[in-house]
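The values are calculated or read from the model by the stated rules, or taken from the named source; none is laboratory data. Predicted model, so just to flag it, every value in this text is computed and none were measured. Cβ coordinates were reconstructed from backbone atoms using ideal geometry, including for glycine residues, and neighbour counts include every protein chain displayed.
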Amino acid sequence: MTLIKSISGIRGTIGGKPGEGLSPVDVVKFTAAFAAWVKSQHSGIKIKIVVGRDARISGPMVSALVISTLTAMGCDVTDIGMATTPTTEIAVTEEKAQGGIILTASHNPGNWNALKLLNRKGEFISGSDGELVLRLAENEDFSFAEVDSLGEVRFSDYTHRHIELVKALELVDVEAIRAAGFRVAVDGINSVGGHVLPLLLRELGVQHVVEINCTPDGRFAHNPEPIPDNLKDTCRTIRTAAVDVGFITDPDVDRLAIVNEDGTLFNEEYTLVACADYVLSHTPGNTVSNLSSSRALRDITEKRGGQHFASAVGEVNVVQKMKEKIAVIGGEGNGGIIYPASHFGRDALVGIALFLTHLAKSGKTCSGLRKSYPDYFMAKKKIELSPGTDIDAILGKVGEKYRHEKINTIDGLKIDFADSWVHLRKSNTEPIIRVYAEAGSPADAEQLAGEILIMVSGLV
């Protein structure tokens, strides 16, 4: 059993004793604490909170607990049912709600679920606000409403509204996509993307859609994190499907991986690079990505006359830096596109629409478009943590060894070499240390990551 409380929300495995996993007791406690925090930010008004969920098997149970708890706290609820994370974010602002809760453990396996908490802007709450919520939960510093003050529940479907907003974006050219006559495959991992993405593609003018794992029953057909090791079967299917491009998302549809027409991966790191290249060609400006993202975005941004800035890992940190630097696009190298012209949240629907427009106007094949970008290769490793491990001490020793290189400690430890980099940090979502390395060849990236992995393993 695992329960993790972090900037990425309250997530854990389903079942077990309270405090050891995401039990019903924990769901109620953290939901009530969030409701109390929202009420403290908006005194004197009736609070409305939007609730959406992915297709996990535990979703209906957790949703029922969350919605009942919110109404018991005196909050009205707009239940949007099965919906993507970006759809829920948009629904908060459309509803003029004071907050939102997304029920998804994102890329974690099917026995996990989570409460991801949104403010009135439909953005993830800050680290400091998250600490307040955790404190309220720990102290059980909340009180439930009396019978005459209970909240009410209303259901509303926001999927079609989200799609219409994507189509209305100035840089999304539905006619160009339709005229290209694309054949597109989509792997929805048997979650909400299996329902939403075929709808989006057809609304964008794609007449031929190959649906892979698009039954939204929460029975994930493969490990849900969209990384190469988990996508081999999908790539083989796409290679034989005679399509122009394939799209793969995680269970809550905020990360986007792209597959070329020949079944090779476009590279998840380059989802943001390609979309940023298209956006920057029309709206020059700055970009932001986190410290674990590819240097390719920096190269493309500077080529287009802008500046690139790096943030700590975590969507809320990327968004904060984007606002600070007035970025025209940003995100994370895990396939997360954040496009402020739409909203400040990772959105695979926006990513698909921008990418298809870019592909249509480029006149290139998907693999040809990928070849037009600088080549960097990344190795991603992880080390399981034991209870009580002193992460700061470990990172301090590694940093001391490489003290003559360019060091960044805003989020773990990043070491920048002339032609490569390595980033070590404790995960926000799993009990592990992540070790990411990037270099000009796969062998060099693997070697660098391996050297650091051996060093860290000896210190754990």
Of all residues in the stretch 6-38, which are more than 10 Å from residue 114 (Cβ to Cβ), modelled with pLDDT under 95 and charged (D, E, K, R)?
17, 20
The residue from 321, 380 that alone is closer than 23 Å to residue 126 by Cβ and touching a Phe, Trp or Tyr at 6+ places or on another chain (Cβ under 7 Å) is 321
Select from the stretch 248-292 the residues that are under 26 Å from residue 307 (Cβ atoms), in a loop (DSSP other than H, G, I, E, B) and not aromatic (Phe, Trp, Tyr) and list them in ascending order.
254, 255, 267, 268, 283, 284, 285, 291, 292
Meets criteria (surrounded by 23 or more Cβ atoms within 10 Å (Cβ to Cβ), in the same structural domain as residue 141 (by TED's automatic domain parsing) and in contact (Cβ under 8 Å) with a residue 40 or more places away in the chain) for residue 87
yes
Of all residues in the stretch 415-449, how many are touching a residue at least 12 places away in the same chain (Cβ under 8 Å) and either over 30 Å from residue 113 (Cβ atoms) or assigned by TED's automatic domain parsing to the domain that holds residue 293 (or both)?
17
Criterion first (outside the structural domain of residue 315 (by TED's automatic domain parsing), in a loop (DSSP other than H, G, I, E, B), without any contact (Cβ under 8 Å) to a residue 12 or more places away in the chain and not charged (D, E, K, R)) does residue 44 satisfy it?
yes
Report yes if residue 414 is over 20 Å from residue 317 (Cβ atoms) and under 27 Å from the mean Cα position of the chain (by Cα), otherwise no.
no
Considering 76, 54, 26, which residue is farther than 27 Å from residue 214 by Cβ, of a type outside the set (Lys, Arg) and in contact (Cβ under 8 Å) with a residue 60 or more places away in the chain?
76
Can you name the residue in the stretch 314-333 that is of a type in the set (Val, Ile, Thr) and surrounded by 24 or more Cβ atoms within 10 Å (Cβ to Cβ) and is also farthest from residue 424 (Cα to Cα) among such residues?
329
In the stretch 334-349, residue surrounded by the most Cβ atoms within 10 Å (Cβ to Cβ) [restricted to those that are within 9 Å of residue 254 (Cβ to Cβ) and among the small types (Gly, Ala, Ser)]
348
Any idea which of (1) free of Cβ contacts under 8 Å to residues at least 24 places away in the same chain; (2) under 17 Å from residue 182 (Cβ atoms) is the one residue 260 doesn't satisfy?
(1)
If I go through the stretch 263-319 residue by residue, how many of them are free of Cβ contacts under 8 Å to residues at least 40 places away in the same chain, over 23 Å from residue 422 (Cα atoms) and touching a strand residue (DSSP E or B) at 6+ places or on another chain (Cβ under 7 Å)?
1
Among the residues of the stretch 362-384, count how many are surrounded by fewer than 16 Cβ atoms within 10 Å (Cβ to Cβ), in contact (Cβ under 8 Å) with a residue 60 or more places away in the chain and within 22 Å of residue 411 (Cα to Cα).
0
When you scan the stretch 149-212 for strands (runs of 3 or more DSSP E) that lie fully inside it, which ones turn up with 1 or more residues that are surrounded by fewer than 18 Cβ atoms within 10 Å (Cβ to Cβ) and under 23 Å from the mean Cα position of the chain (by Cα)?
208-212
What number of residues within the stretch 213-231 satisfy the criterion of being modelled with pLDDT under 95, in contact with a His (Cβ under 7 Å, 6 or more places away or on another chain) and either on the phi > 0 side of the Ramachandran plot or in a loop (DSSP other than H, G, I, E, B) (or both)?
2
If we keep only residues of the stretch 294-314 that are touching an Asp or Glu at 6+ places or on another chain (Cβ under 6 Å) and either at pLDDT 95 or above or in the same structural domain as residue 425 (by TED's automatic domain parsing) (or both), then the residue farthest from residue 345 (Cα to Cα) is 300
